[in-house]
Amino acid sequence: MLGLPTAGMAAAGVVLGHWLTYFIAFPKPFVRMDVLARSGHGYWLFAVQVAVVLGVVGIGSLFLSRIQSMAQESTPELDRFARSAFRLAALQVAAFTAMEVVERLLAGASVAGIYQHHLFVFGLAIQLFVAVAGAVILRWFGQTATRIVRALLGSAPRRPLPIAFALPGGDVFVRRLVLAGAAGSRGPPSR
């Protein structure tokens, strides 16, 4: 999987996971808003906007990469999914940790205090869950993009058209006609 789809999905995932963490940990809206206001979340709307843009760009680049190259990897689908989930989890855990540290610094709170309550560990667990969900989404979009490209380009191998020529003496000579891109494989003509 390309880096841009993974990075885009990780950005969207870390923001979604961060929101879910606070939403589940503080179900009452007024308590949640108070905690967010006191903990350096003034940037939150901007972070959501950036994450949405990166997520859309990531998914778009996944489609474009499938259009550019239809070559199938020899890696089994399960291995690709596991690698994708691992990459997303690593990126999201690192980004979530960095976000929490920066938020504490902006709020003037002790960075060591990040471990004084359940929120950070709970947030890490949510990030892992969201990373696996993100890998499922990337896999689904990748498979969908491949199907769309195959439907548009045609997945059946193109075969040269047989052309029959009558030779003097009654023999029939059959040649395969290969026009540039009309039939057969693409590439330089063979000699």
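Below are the figures for this structure:
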item: Extreme residue, surrounded by the fewest Cβ atoms within 10 Å (Cβ to Cβ), among residues of segment 92-113 that are in a loop (DSSP other than H, G, I, E, B) and free of Cβ contacts under 8 Å to residues at least 60 places away in the same chain; result: 108
item: Filter pass, residue 105 being under 30 Å from residue 146 (Cβ atoms), modelled with pLDDT of 75 or more, out of contact with any strand residue (DSSP E or B) (no Cβ under 8 Å at 6 or more places or on another chain) and not small (Gly, Ala, Ser); result: no
item: Residue under evaluation residue 127, criteria (1) at pLDDT 55 or above; (2) loosely packed, with under 13 Cβ neighbours inside 10 Å, criterion not met; result: (2)
item: Residues of segment 1-54 classified as of a type in the set (A, V, I, L, M, F, W, C), touching a helix residue (DSSP H, G or I) at 6+ places or on another chain (Cβ under 8 Å) and more than 23 Å from residue 111 (Cα to Cα), total; result: 12
item: Residue within segment 114-124 that is assigned to a loop (DSSP other than H, G, I, E, B) and modelled with pLDDT of 80 or more present; result: yes
item: Unique match (being among the charged types (D, E, K, R), modelled with pLDDT of 80 or more, surrounded by 12 or more Cβ atoms within 10 Å (Cβ to Cβ) and part of a helix (DSSP H, G or I)) among 80, 87, 66; result: 87
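The values are calculated or read from the model by the stated rules, or taken from the named source; none is laboratory data. Since we're looking at a predicted model, the values are computed, not measured. All Cβ positions, even for glycine, are placed from backbone atoms using ideal geometry, and neighbour counts span all protein chains on display.
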